[in-house]
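Engineer: For reference, the structure I am asking about is given below.
Any read-out appearing in this document is the output of simple, stated calculations on the displayed coordinates, not a laboratory observation. A quick note: this is a predicted structure, and the numbers were derived from the prediction, not measured. Every residue, glycine as well, gets a Cβ built from its backbone with ideal geometry; the counts of neighbours run over all protein chains shown.
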Amino acid sequence: MKKNIRQAFGERLRALRQEMGISQEAFANQTGIARSYMSKLEVGEANPSLDAIQQLADAFGVRVEELFRADKVSKVVKQTTLIPYAGDGTHFDAVSCRSPEGFYKVGDTDELESFSNYDEALDYLRRMGTARWMRPNARGNWAPVAATSWREKPKP
């Protein structure tokens, strides 16, 4: 039986998201799209608006037409570095979030993971439902913070 366009579109979305190496929940959090809606899109149960299609293309860093192609997704996703931002505007930074011991501590407070490599820590954050990491507060004390959005890495 031939797939309808919504099912083919949903399979493409899932493949692109998996190519990015992030969970459905993390992708939904990064894009501001509800996870339940993202799930319906991926299984072909939702009919996205043109605005939603553009929002998805922007999140994947691709042109809209790439969402409708049937070829392999490898190397289609633009290598845009999205990083998590906290509600106060601070973000997961390679310098300020490195502990005095030389580690990036990420994860839920009761199950922190330590990484010596920034990119590995960032990859871990991408796979979390809500990215959480330790960073120094205004007083210099290390405290947990949670992402409220994902945006492009600031230019140096």
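Engineer: Using the count of nearby Cβ atoms within 10 Å as a rough guide to exposure, how do Val43, Val145 rank from fewest to most?
Structural biologist: Val43, Val145
Engineer: Identify, among Ala46, Leu82, Asn29, the residue whose Cα sits farthest towards the positive end of the charge dipole of region 1-152, taking +1 on the Cβ of Lys and Arg and -1 on the Cβ of Asp and Glu, with the dipole about the Cα centre.
Structural biologist: Positive-end residue among those listed: Ala46.
Engineer: What net charge do the residues around Val106 carry, taking every other residue with its C-beta under 15 Å from that of Val106, with Lys and Arg at +1 and Asp and Glu at -1?
Structural biologist: Computed value for this residue: -3.
Engineer: Please find the FRET efficiency linking Gln18 to Asn141, where r is the Cβ-Cβ separation and R0 is fixed at 22 Å, and quote it to the nearest 0.05.
Structural biologist: 0.05
Engineer: Anyone know which of Glu120, Glu45, Glu65 comes out most mobile in the 10 Å Cα GNM of the chain?
Structural biologist: Glu65
Engineer: Roughly how many whole Å is it from the C-alpha centroid of region 1-58 to that of region 101-146?
Structural biologist: Here the two parts' Cα centres lie 28 Å apart.
Engineer: Subtracting the Cα-Cα distance from 0.36 nm times the residue separation, let me have the gained length for Asp51 to Glu11 in nm, one decimal.
Structural biologist: 12.5 nm is the gain from fully extending Asp51 to Glu11.
Engineer: Among the trypsin sites (Lys or Arg not before Pro) in region 1-64, which ones are in a DSSP loop with at most 14 other Cβ atoms within 10 Å of the Cβ? Mind listing them?
Structural biologist: Counting only loop positions with at most 14 other Cβ atoms within 10 Å, the trypsin sites (Lys or Arg not before Pro) in region 1-64 are Lys2, Lys3, Arg63.
Engineer: Net charge near Ala94, counting Lys/Arg +1 and Asp/Glu -1 over other residues with Cβ under 12 Å of its Cβ?
Structural biologist: 0
Engineer: Under a point spin-label approximation (7 Å from Cα along Cα-to-Cβ), what is the Glu111-Asp123 distance to one decimal in nm?
Structural biologist: Simple spin-label model gives 1.9 nm for this pair.
Engineer: Would you report the distance distribution of C-alpha pairs in region 82-152 as whole percents per 10 angstrom bin, up to the bin with the largest distance?
Structural biologist: With a bin width of 10 Å, the distribution comes to 22, 62, 16.
Engineer: Charges at C-beta only: +1 for Lys and Arg, -1 for Asp and Glu. How large is the resulting dipole of region 5-68 about its Cα centre, in Debye rounded to 20?
Structural biologist: 120
Engineer: With a 10 Å Cβ neighbour count serving as the proxy for reagent exposure, in which order, fewest first, do Thr31, Thr109, Thr130 appear?
Structural biologist: Lowest to highest Cβ neighbour count: Thr109, Thr130, Thr31.
Engineer: Can you give the three extents of the C-alpha atoms in the chain along their principal axes, from longest to shortest, in whole Å?
Structural biologist: Its Cα atoms span 59, 27, 25 Å along the three principal axes.
Engineer: Under 10 Å from the Cβ of Ser23, count the other residues' Cβ atoms, weight Lys and Arg +1, Asp and Glu -1, and hand me the total.
Structural biologist: +3
Engineer: Taking a ≥ b ≥ c as the square roots of the Cα gyration tensor eigenvalues, with a/c under 1.5 meaning rounded and otherwise prolate when a/b beats b/c, else oblate, which class fits region 5-68?
Structural biologist: Cα axes put region 5-68 in the rounded bin.
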